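We did not get these values from a lab; they are worked out from the coordinates using the rules stated. None of these values were measured; they are calculated from a predicted model. Methodologically, a virtual Cβ is constructed for each residue, glycine included, from the backbone with ideal geometry; neighbour enumeration extends over all protein chains shown.
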Amino acid sequence: MVKVTGEMRALLEKGLAFVGTADRKGRPNLAPKGSMRLGDEETLVFAEGVGKKTLQNLRENPEVAVAVVDREKMEGYQFKGTAEIIETGPLYDTVAKLAQERGRPKPIAAVKIKIEAIYSLIPGPMAGERML
């Protein structure tokens, strides 16, 4: 079972996350997601407000990578896992409420990512090492 540490949580709360997806043919896409949050110690959640390439790719291929870094400290993490698109229900309602509180339109969907592996993005000997 993969669990996010307090250090990772803090970085997710203040950093900008980038979500990497690929369509069914393997063509990649990378998109910033300012709404990325920790769902619990094993999941990430973000609001999908635009509903274009990221959402389309996740419908075709739920495998996802999320990178978040602190440029000043030169530290970061990559989270890999499987995404679930949620368009109704309590989690969607929570994500929609947070988006509206931030002055954003109601999202098309909430995306919940089950974290399966975490890798270091810290330069040096730990770069690319699987952490959990």
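Tabulated data
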| quantity | calculated |
| --- | --- |
| Residue with peak Gaussian network fluctuation, the chain [Cα springs, cutoff 10 Å], from 62, 107, 90 | 90 |
| Exposed-loop-free span, longest in the chain, where GluC sites (Glu not before Pro) count as exposed if DSSP calls them loop and at most 16 other C-beta atoms lie within 10 Å | 88-128 |
| Helix-only [θ]222 nm of the chain, DSSP H runs n ≥ 4, -39500 (n - 2.57) each, per residue, nearest 500 | -6500 deg cm²/dmol |
| Pairs of Lys in the chain closer than 14 Å at Cα, counting only those 8 or more apart or on different chains | 11 |
| Long-range HN-HN contacts of residue 115 with modeled amide H, under 5 Å | 43, 44 |
| Where only C-alpha atoms are counted, convex hull volume of the range 1-99 per residue in Å³ | 106 Å³ |
| Average Cα contact separation per residue, the chain, under 8 Å, 6 or more apart, as relative contact order % | 26 percent |
| Kyte-Doolittle mean at least 1.6, axial Cα span of 24 Å or more - DSSP H helices of the chain | none |
| Footprinting exposure proxy for 54, 43 (fewest neighbouring C-beta atoms within 10 Å first) | 43, 54 |
| Within the range 69-98, trypsin sites (Lys or Arg not before Pro) in DSSP loop having at most 10 other beta-carbon neighbours inside 10 Å | 71, 73 |
| Extension gain from residue 29 to residue 87, taking 0.36 nm per residue of separation minus the Cα-Cα distance | 18.7 nm |
